[in-house]
Amino acid sequence: MFIKSLAASLAALSFLPKSSRALSEKIQTLSDLVESTPEEVKLWREIRNQFLLNPDLVHLNCGSLGASPRIVIDSVCAYMRELEGDPVHHEWGGISSGMDEVRDAVAQFIGADGDELVLTRNTTEGMNSVATGLGLKKGDEVLTSNYEHGGGMVCWQYLARKFGVKVRYVRIPRQVRSKEQILELVEDKISRKTRVCSFSHVDTITGMQMPLAEIAEITRPKGILLACDGAQAPGMLAIDIKKLGVDTYACSSHKWMLAPKGCGWLFVRKEVQERVQPVVLAEGYRAYNASIGTREVPLILGHGTAVDFQNAIGRERIEARARELNRLLRRRLDEMPALERITPEQPELSSAIVTYALDPEKGQNGQIVERLFKDHGIRIKPAQGTYAYVPNEEDVPRESYNALRFSTHIFNSENDVERVTSVLREILA
């Protein structure tokens, strides 16, 4: 049975301290559930029990911050106790040697080689490392979009202010019809001066997937570096980073990968590492394959536990579950006249994030979000529209969507979907 194999996998997690291994025994209690309950229902119910989320909370905002399972939290605590027993030994030896294993585990998780990945604190740190390491100069152009988060946007705008680099924007429309539409918009904006294209894998506003592999087919022959803000994809989507064709990819693992807060990583493809000169060097390009300086060792090792936790369940199974809940949520919300879905329908353009524009006559999104949480314990995200970080240029106007953003992950359930849709139906009636 899959559930028993999951229990066995958790019992053997490579990064799990002995003090936490007892958690895997809880999964075996599934044998007491009624036989008529479908196997998958048993599995997801037990997985939900592995999280410390308040029982009265419906957390539909993994797009802002994920929740770490107990097994990750307990491993961090165990590593912290061990480190504080002999701080010098374990900070630069002892348990800290496991950070290399974590780096390799993360690399394998995304289909990369260990020497193409460095452990960071978040996406913003990774994106800034790329932007400041490229040596761009006045007249060089960076092409990005009006849907970027500040973590992947302001690094390029800093280069514009400091060095005269020109930042240009692809204006992605409110309703995207196809990959071809996006590719045409991107290709039309590329010029002879374009040195970098920088896009989110899954955009933070609507949850739309950018067709990165197809964009790479445009950029690579031209020698344009394709940088990616991947804050919203790994841990939700079963990605293969080599197939995406990106040159750099920065991630916040404390979102969908369910790692401890303050954990992330940066992928830099081997073939472009000479182009991206790291700000902090440790024996040359060891900066790409070794953690340097004093680091948060227990958190990084807990990151490894989070990877093992997801591997034990299966990346494809996780993506399927997150999407399944999101499809159910969409079906319910699509029925509400006050809501207009602005996330594409096609699987290749969508994800486990879905966003709806709210009819202003029914209220402002911030008020609805606050009411959902204060009165009903439901956590979602207000999405204003194209990001305020985009300069108000003539061809890239800021747009207000007055939108509500919903994220579904493996700690959510069908009951969460029914609860939020029932409450919204009443509020928006």
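The values are calculated or read from the model by the stated rules, or taken from the named source; none is laboratory data. On a predicted model such as this, the values are computed, not experimentally measured, just so you know. Cβ: placed from backbone, ideal geometry, glycine included. Neighbour counts: every protein chain shown.
Which of the residues spanning region 27-60 are modelled with pLDDT of 50 or more and β-branched (Val, Ile, Thr)? Steps first, answer last, please.
Within region 27-60, the subset modelled with pLDDT of 50 or more is 38-60.
Once the filter is applied, which keeps residues that are modelled with pLDDT of 50 or more and β-branched (Val, Ile, Thr), region 27-60 yields Val41, Ile47, Val58.
Against the numbered list (1) touching a Gly at 6+ places or on another chain (Cβ under 9 Å); (2) within 19 Å of Gly207 (Cα to Cα), Arg371 comes up short only at (2). If you go through region 215-235 and keep only what is surrounded by fewer than 18 Cβ atoms within 10 Å (Cβ to Cβ) and touching a residue at least 24 places away in the same chain (Cβ under 8 Å), you end up with Glu217, Ile218, Arg220, Lys222. Scanning region 104-129 for residues that are among the acidic types (Asp, Glu) and under 18 Å from Ile239 (Cα atoms) gives Asp104, Asp113, Glu116. Would you check if there is a residue in region 212-227 being within 14 Å of the chain's Cα centre (by Cα) and within 16 Å of Thr144 (Cβ to Cβ)? No, that holds for no residue. The condition (being under 17 Å from Val268 (Cα atoms), assigned by TED's automatic domain parsing to the domain that holds Glu141, among the hydrophobic types (A, V, I, L, M, F, W, C) and out of contact with any Pro (no Cβ under 7 Å at 6 or more places or on another chain)) is satisfied by just one residue among Leu185, Leu212: Leu212. Would you check if Gly85 is small (Gly, Ala, Ser), more than 22 Å from Asp247 (Cα to Cα), free of Cβ contacts under 8 Å to residues at least 24 places away in the same chain and surrounded by 14 or more Cβ atoms within 10 Å (Cβ to Cβ)? No. Residues that are at pLDDT 90 or above and closer than 18 Å to Gln310 by Cβ are absent from region 77-100 altogether.
Number of residues in region 53-75 that are buried (at least 24 other Cβ atoms within 10 Å of the Cβ) and in a helix (DSSP H, G or I) equals 3. In region 392-418, the residues that are not assigned by TED's automatic domain parsing to the domain that holds Val202 and small (Gly, Ala, Ser) form Cβ pairs under 7 Å with partners that are at pLDDT 95 or above and assigned to a helix (DSSP H, G or I), at six or more places apart or across chains, as follows: Ala403/Asn365. Quick test of your reading of the structure: Glu335 fulfils all but one of (1) among the acidic types (Asp, Glu); (2) at pLDDT 95 or above; (3) more than 30 Å from Lys179 (Cβ to Cβ). Name the failing condition by number. With (1) among the acidic types (Asp, Glu); (2) at pLDDT 95 or above; (3) more than 30 Å from Lys179 (Cβ to Cβ) applied to Glu335, the lone miss is (3). For region 188-209, the set of residues classified as buried (at least 16 other Cβ atoms within 10 Å of the Cβ) and either charged (D, E, K, R) or not assigned by TED's automatic domain parsing to the domain that holds Ala231 (or both) consists of Lys189, Arg195, Asp203, listed by residue number.
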